[in-house]
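See structure below.
Since every read-out is calculated from the coordinates, none of them should be taken as a lab result. Fair warning: this is a prediction, and the values are worked out from it, not measured in the lab. Note: ideal-geometry Cβ built from the backbone for every residue, glycine included; neighbour counts use all protein chains shown.
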Amino acid sequence: MKYTLASLFLLALISFNFLACKNEETISSDPNLRLSFSTDTVHFDTIFTTLSSLTLNFKVYNRNDKAINISNIRLESGDSSFYRININGFAQNSLDNEVINANDSIYIFVEVTIDPNNQDSPLAVEDNIVFSSNGNEQKVLLLAYGQDAVIYYPQYFPTNGLPPYSIIGDDGNGNCSGVTWTNEKPILIFGYAVVDEGCSLTIEAGTEVYFHAFAGLWVYEDAKLSVLGTPDAVVTFQGDRFEEIYQNEPGQWDRIWINKSDQDHIIQNVVIKNALIGLQIEAFPFELDGGQISPNKITIENTFISYSSARGIYMRNYKADLSNVAIANSGQYSVAISGGGEYTFNNCTFSDYWTLTTRETASFTVVNEYVIDNVIYQRPITNSHIYNSIIDGNISDGNEFVLELSGSGNDFSGDYNLIKTTNALPADFSNTVPYELPGLIDPWNSNLKPSINAYVLGLANPLSATLSDLEGNPRPAAPALGAYEYEPE
């Protein structure tokens, strides 16, 4: 059979019309046909007032065999709502006549920004998305908690490579005074908050400090820092996202940066999480040779640092006493010392089971040489010791301990430790186990407490061990190595 061009065109047109008719949906007005939803409540974690939330979504289903016309989708509070919605690609708070075909669905995206409420505790903010179809009215609840905060925004924007910053306690005339952060409201920092020369910052027990992306706290030369948490009211430093997916996400903010001073610093009963570097403690970074060893000392007690994307603690040319310090899951080092100084570690746990990338650097690394602008500098490490501590991790070569001291006058000893290493320990390390599994509950997920039959129980020296552990629990007559004692559940 032969076909003319006209007959082929007519056949194609008939086929197209047939398919088009077949794909048309019958829209039903039956009130018994109702919508279904992937959730009945869109719940946001606590967010700071004035800041936008993470965008959440849910699906609206038509599980019927006929199409449904949703005559109206709207925010119940209308334009006065704290929420914003996007309906299947349309960013508007109300939409008419949205058809969902049989056994099909659409997405609704939701965000929220809460105005300051001048309250110290979170304020619940509710609204509903209302769906009207076939005489039915169905709702999905929107729920968020807004938290007011003391906010530091950058005031200075240097062009020499330093980050934008504000000065804590600045009176606007270049003068600053002692400042105390209380636990009445959280502290939220954008950019760097700087404790300037001659000033002091005291952080009271129970205070929560949150950092936006790339933000940090800088204790400048000759300033003073006192972080005064208690076992029952720790001070926390962390990123400013409350959503569950961010709880163990490293690198959300920059660091706490501490320079030399004519006054001693103290940090006690503190949690630091999700930074690039938890604590960076160094004499003065702007001296061409890295500075001489700082005359002051920093004391760090009962402190837990986790999920630092680079280093838990980094120190150079400083004097530091650390007791009951636990550091978990750092991308490079739990502790890195580069340069000289005096350092004491007692009843500490450094356990690095980082899995997000391949870690090739030992968890505990001490090297007294460092390089600035291709010049090698060397400072002695003197009067330094590690007692009653655990150094552990999952590095592939099995060596989590590096101690490389060059030149003369160095003194770094150890006594009563468990250290994961494939190398011979220095001669002045005594009563030290080269490697046994310490028996921590779950170091992969930053639980560094000993289990009921942990190897480290009872192995510390009772004469030099701390009197209580990181959480304030009294140590027994035969104390454990590390920052924690075993706690029965």
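Taking label points 7 Å from Cα along the Cα-to-Cβ direction, ALA102 and ALA213 give a separation of 4.6 nm. Charge dipole of the chain (Cα centre as origin; +1 on each Lys and Arg Cβ, -1 on each Asp and Glu Cβ, all else neutral): 1280 debye, rounded to the nearest 20. Excluding same-chain neighbours fewer than eight residues apart, the aspartates and glutamates reachable from LYS139 by a Cα-Cα span under 20 Å are ASP30, ASP40, GLU76, ASP79, ASP96, GLU98, ASP104, GLU111, GLU126, ASP127. Put the Cα centre of region 438-462 next to the Cα centre of region 263-292 and the gap is 28 Å.
Which stretch or stretches of region 174-214 have amide N atoms under 17 Å from the point lying 7 Å from GLN119's Cα along the Cα→Cβ direction? From region 174-214, the list is 184-186.
Note on ASN32 and THR355: their simple-model spin labels are 5.1 nm apart, each label 7 Å out from Cα toward Cβ. FRET efficiency for the pair THR382 and GLN247, taken as 1/(1 + (r/R0)^6) with r the Cβ-Cβ distance and R0 = 41 Å, rounds to 0.50. Between the beta carbons of THR182 and GLU25, assuming R0 = 45 Å, the FRET efficiency works out to 0.15 to the nearest 0.05. Cross-link partners for LYS297 among the lysines, with Cα-Cα distance under 25 Å and sequence neighbours closer than 8 places in the same chain left out: LYS224, LYS260, LYS273, LYS319. In the chain, helices alone account for a calculated mean residue ellipticity at 222 nm of -1500 deg cm²/dmol, with every DSSP H run of four or more residues adding -39,500 (n - 2.57).
Protection proxy ranking, highest mean first, for peptides 399-408, 316-325: 316-325, 399-408, where packing is the per-residue count of other beta-carbon atoms within 10 Å, averaged. Rounded to the nearest 0.05, what FRET efficiency is calculated for SER52 and LEU141 with R0 set to 22 Å and r the Cβ-Cβ distance? Given R0 = 22 Å and the Cβ-Cβ separation, E is 0.65.
Highest mean first, the peptides 413-419, 46-52 sorted by other C-beta atoms within 10 Å per residue fall in the order 413-419, 46-52. Across region 89-103, the residues whose backbone nitrogen lies under 20 Å from the label position 7 Å along the beta-carbon direction of SER71 are 93-102. Each label point was placed 7 Å from the Cα along the Cα-to-Cβ direction; for THR236 and ASN88 their separation is 4.1 nm.
Here's how it looks for ASN368: its modeled amide H is under 5 Å from those of GLY339, GLU404, SER406, which are all 5 or more places away or on a different chain.
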